[in-house]
Amino acid sequence: MAKNESGLVEKTVKIKRCAAVVKGGRRFSFSAMVVVGDGNGQVGWGYGKANEVPPSVEKANKQGSKTMVRIPLVDGSIPHQVKGRFGAAKIVLLPAGPGTGVIAGAAVRAVCEAAGITNILTKSFGSNNPVTLVKATIEALKQLRTIEDIETLRGVSLS
């Protein structure tokens with residue numbers, strides 16, 4: 001996890017190389033998937049494309065920092081179990097007690113660590129494509145609500 005100059009945690013999840021065949025041979029271009037977070041409940045992802053790797057990563061970082069979403073954290077974990085889906089990738093996120101750590105694959109781990117989640121259990125189903133797993137994980141995190149949020153939405157007391 002690398003921190004940039006603005007204090008955000010950024011993690012490059014995937015770099016893809018694409019080749020276009022032209023008259024003189026192959027012309028390569030690169031696309032990068034980056035997860036950006038503040039380590040305190042905000043996380044986003046960006047996708048950048050360029051003719052070289054560093055500019056594609058910079059574009060992805062810029063897009064990721066613009067599209068960050070806030071997620072509720074409870075004692076370094078998530079408030080409740082949640083399922084997310086994007087395309088063929090499905091993910092289940094379970095809250096875990098202190099000392100458990102982040103039990104997740106590489107793509108899901110990047111999202112959780114960038115968001116500041118320190119204790120979580122995860123399981124992915126379907127596609128193992130890192131790009132779709134990141135999107136599915138963020139879709140799942142967007143669904144999280146705390147008890148206080150539910151109480152204000154419903155206008156009742158749950159405790």
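The values are calculated or read from the model by the stated rules, or taken from the named source; none is laboratory data. These figures come from a predicted structure and were not determined experimentally. All Cβ positions, glycine included, derive from the backbone under ideal geometry; neighbour counts span all protein chains shown.
Numbers for the structure displayed
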quantity: Residue among R26, R70 that is over 21 Å from D149 (Cβ atoms) and in contact with a strand residue (DSSP E or B) (Cβ under 7 Å, 6 or more places away or on another chain); calculated: R26
quantity: Hey, A19 surrounded by 14 or more Cβ atoms within 10 Å (Cβ to Cβ), farther than 23 Å from V108 by Cβ and touching a strand residue (DSSP E or B) at 6+ places or on another chain (Cβ under 7 Å) or not; calculated: no
quantity: Single condition A89 does not satisfy, out of (1) hydrophobic (A, V, I, L, M, F, W, C); (2) over 28 Å from I15 (Cβ atoms); (3) touching a Phe, Trp or Tyr at 6+ places or on another chain (Cβ under 9 Å); calculated: (2)
quantity: Matching residues in region 103-120 - criterion: being surrounded by 20 or more Cβ atoms within 10 Å (Cβ to Cβ) and in a strand (DSSP E or B); calculated: I120
quantity: Those residues of region 22-46 which are without any contact (Cβ under 8 Å) to a residue 40 or more places away in the chain and either within 18 Å of the chain's Cα centre (by Cα) or surrounded by 14 or more Cβ atoms within 10 Å (Cβ to Cβ) (or both), in sequence order; calculated: S29, F30, S31, A32, V34, G46
quantity: Any pair with Cβ under 6 angstrom, 6 or more apart, that starts in region 104-129 at a residue that is in contact (Cβ under 8 Å) with a residue 40 or more places away in the chain and on the phi < 0 side of the Ramachandran plot and ends at one that is in a helix (DSSP H, G or I) and surrounded by 24 or more Cβ atoms within 10 Å (Cβ to Cβ); calculated: A107/L133; A107/V134; V111/V134; V111/T137; I120/C112
quantity: Tally, over region 47-70, of residues that are crowded, with 19+ Cβ neighbours inside 10 Å and either in a loop (DSSP other than H, G, I, E, B) or in the same structural domain as C112 (by TED's automatic domain parsing) (or both); calculated: 1
